[in-house]
Amino acid sequence: MLKRFFSYYRPYKGLFLLDFSCAVLAGLLELSFPVVVNQVIDKIMPKEDFRLIAWACIGLLLFYIINTALQYVVVFFGHKLGVNIETDMRRELFNHLQTQSFDYYDNQKTGKLISRLTTDLFEISEVAHHGPEDVFITIMTLLGSFLLMLNIHVKLAVATFILIPFITIALVFFNKKMTKVNTRIYDNLGEFNAGVEASVSGIRVTQSFSNEAFENRRFEGLSQAYRKSKILFYKVMAVSSSYNYFLIRLINLFALIFGAYYTINGEITNGQFVGFILLANVFVRPIEKVNNMIESYPKGIAGFKRLTEELDKKPAIVDKKDAVEVTSLQGNISYSDVSFSYSDKTKVLDHINLAIKPGETVAFVGQSGSGKTTLCNLLPRFYEVSSGAITIDGMNIQEMTLSSLRSQIGIVQQDVFLFPGTIRENIAYGKLDATEDEILQAVKLAHLEKVIDQMSDGLDTIIGERGVKLSGGQKQRVAIARMFLKNPPILILDEATSALDTETEQVIQESLNSLADGRTTLIIAHRLATIKHATRIIVVSEDGILEEGTHEQLMNLDGHYRALYNAQFRK
């Protein structure tokens, strides 16, 4: 774990060496101060020469100026190092999350993932900055001050040092305990964030059901769980701090009592006694710093453990080593003996065989849960087939790079997702380098012109979280415009016109039909009136493909499709 943690220092070796060397130099200068005071009292004061005392004070002033500059470097550049490492960890985690499959997100809470990207990494910055230098300087200061104390008086130094093992044992014990508590805190905070995210996102549902009291109770439960774990942390920290405080004060007390005894007996001089007391203060300073380390380090360690746990979750769907970049697929799609089950072993598809010709428009119909959407989600490898193979133009999709495969497929999903921002930004998401003319053409094809003209800021209108300021139909048309802009050879329309009124649906349907011309199009449909034009309609159920053919053929067959059609249009 330590090796993995220190690997994040590699890009910032220069910054680390600057911070570390300045911190060590500052520590050494702190050690020299008691020695200087010792010499002033024992050698300069007896001469009663104020000029020498003044020069000694000027020397100390220079010492303070140098140490002030070193402190600036340590505080600023040290924290810059910590923030850089924290940012790198956050970037790596975000990039890792981007590679996870749909199956991974099916089992995750958004709030918990956000917590991992934010709160879990906050304290890592402090550990990355202070960790190596604090450990080194603590050891260096303890050994350095102890050696100087030995140089003054061996017995006095031993009497002062004798309490250090007890502090070390306490440090190890409390550090382990507080790391464990902090892991629990982060778990509770993740649940808390997930609960808050769900409550805020679902506020309209909450208010429509008048369930504010229920949400308040649920929030209170999450809040109390987080509160209790935090209180436990501070309880452990209080015991640790109190224990160390008492031992540190004992060190000072031992230095005072034994130092006074040996001074009275003439074994050390007054200057040595004062110097020893100052050294004792330098000696306990890193121990006091350990108390601060006990509070922040376990948080950083717990956060780093959770980071590594997440990074070690390998993506279920990745490119093969010899995966090929595809640039211009024709859309000849084949499902060969394809089966699929979710991670919980729920079987959705069982030995499906299906061939779709280039330029063909194929519609999938059937009851909810029959596997229509799953069948289409397997094509861009949002999920991986459990067995069998899917090929496009004769090439297994697993032999293609994910990025190039998905760039060839345009998708308008049933649950339209729009990003916070403007209409322009959401349309341009289909082609990030799109020109203004291309965006306007996509707007025209999606019949969004009137909608945009009615808005005060036009394309630059802010649409709010998930497009909350737009109607369902308007959101759907923005999503369709985004797909027009992408202009791929293969289209997947998952209830693409489901949120539109009848009049608008007819207009958009014409645009979709125009776009589908010459392209391979897969339509997931519930409203059967929208798919009469399809080259082929496939009826899907939990038992597989039941029927396929044109609208007229299936109606004449008088089977499952006709039953579905009659159920929708019976008077």
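Quick look at the numbers
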{"read-out": "Euclidean distance of C-alpha centroids, the range 383-417 and the range 76-137, integer Å", "value": "31"}
{"read-out": "Residue-by-residue Karplus 3J(HN,Hα) for the range 130-146, coefficients 6.51, -1.76, 1.60, Hz, glycine and proline x", "value": "8, x, x, 5, 5, 4, 5, 5, 4, 5, 4, 5, 4, 5, x, 5, 5"}
{"read-out": "Sequence-distant residues sharing a close amide H with I411 (under 5 Å, placed H)", "value": "I492"}
{"read-out": "Built amide H within the under 5 Å cut-off of S101, gap 5+", "value": "A316, I317"}
{"read-out": "Computed [θ] at 222 nm, deg cm²/dmol, the chain (DSSP H ≥ 4; -39,500 (n - 2.57); rounded to nearest 500)", "value": "-21000 deg cm²/dmol"}
{"read-out": "Loop trypsin sites (Lys or Arg not before Pro), the range 300-360, which have at most 16 other Cβ atoms in a 10 Å radius of their Cβ (DSSP)", "value": "K313, K320, K321, K345"}
{"read-out": "Long pairs among K228/K305; K230/K345; K320/K347; K177/K345; K320/K372; K180/K320, criterion Cα-Cα beyond 31 Å", "value": "K230/K345; K177/K345; K180/K320"}
{"read-out": "Estimated distance in nm for a label pair at T435 and Y72, the labels positioned 7 Å out from Cα along Cα-to-Cβ", "value": "5.3"}
{"read-out": "Length released on extending from L52 to S7, taking residue separation times 0.36 nm less the Cα-Cα span", "value": "11.1 nm"}
{"read-out": "Vicinal HN-Hα couplings computed from phi for the range 11-24 (Karplus, 6.51 cos²θ - 1.76 cosθ + 1.60; Hz; Gly/Pro x)", "value": "x, 10, 4, x, 5, 5, 5, 4, 4, 5, 5, 5, 5, 5"}
{"read-out": "Sparsely packed GluC sites (Glu not before Pro) within the range 123-182, loop by DSSP, other Cβ within 10 Å at most 11", "value": "none"}
{"read-out": "Derived scalar couplings ³J(HN,Hα) [the range 221-228; Karplus, 6.51 cos²θ - 1.76 cosθ + 1.60; whole Hz; x for Gly, Pro]", "value": "x, 5, 5, 5, 4, 5, 4, 5"}
{"read-out": "FRET efficiency for L28 and K305, using Cβ-Cβ distance with R0 set to 25 Å, rounded to 0.05", "value": "0.15"}
{"read-out": "By average C-beta atoms within 10 angstrom, highest first, the peptides 244-252, 177-185", "value": "177-185, 244-252"}
{"read-out": "Exposure proxy order (Cβ contacts within 10 Å, fewest to most) of S334, S328", "value": "S328, S334"}
{"read-out": "Estimated inter-spin distance, N513 and T535, nm [label 7 Å along Cα→Cβ]", "value": "1.7"}
{"read-out": "Protection proxy ranking of 260-271, 466-477 - average other beta-carbon atoms within 10 Å, highest first", "value": "466-477, 260-271"}
{"read-out": "R0 of 30 Å, Cβ-Cβ distance Y245-V35: FRET efficiency to nearest 0.05", "value": "0.65"}
{"read-out": "Fully extended contour minus Cα-Cα distance, from L150 to N396, at 0.36 nm per residue", "value": "81.0 nm"}
{"read-out": "Full-stretch length increase - I203, A389 - with 0.36 nm per residue and alpha-carbon distance subtracted", "value": "62.7 nm"}
{"read-out": "Positive-end extreme of charge dipole, the range 2-311 - chosen from F161, F76, Y243 (charges on Cβ)", "value": "Y243"}
{"read-out": "Other-chain or far-sequence residues with amide H under 5 Å of S341's (modelled H)", "value": "V348, S386"}
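FYI, it's all coordinate maths here, none of it is from the lab. As the structure is a prediction and not an experimental result, all values here were calculated from the model. FYI the Cβ positions are ideal-geometry reconstructions off the backbone, even for glycines, and counts take in every protein chain you see.
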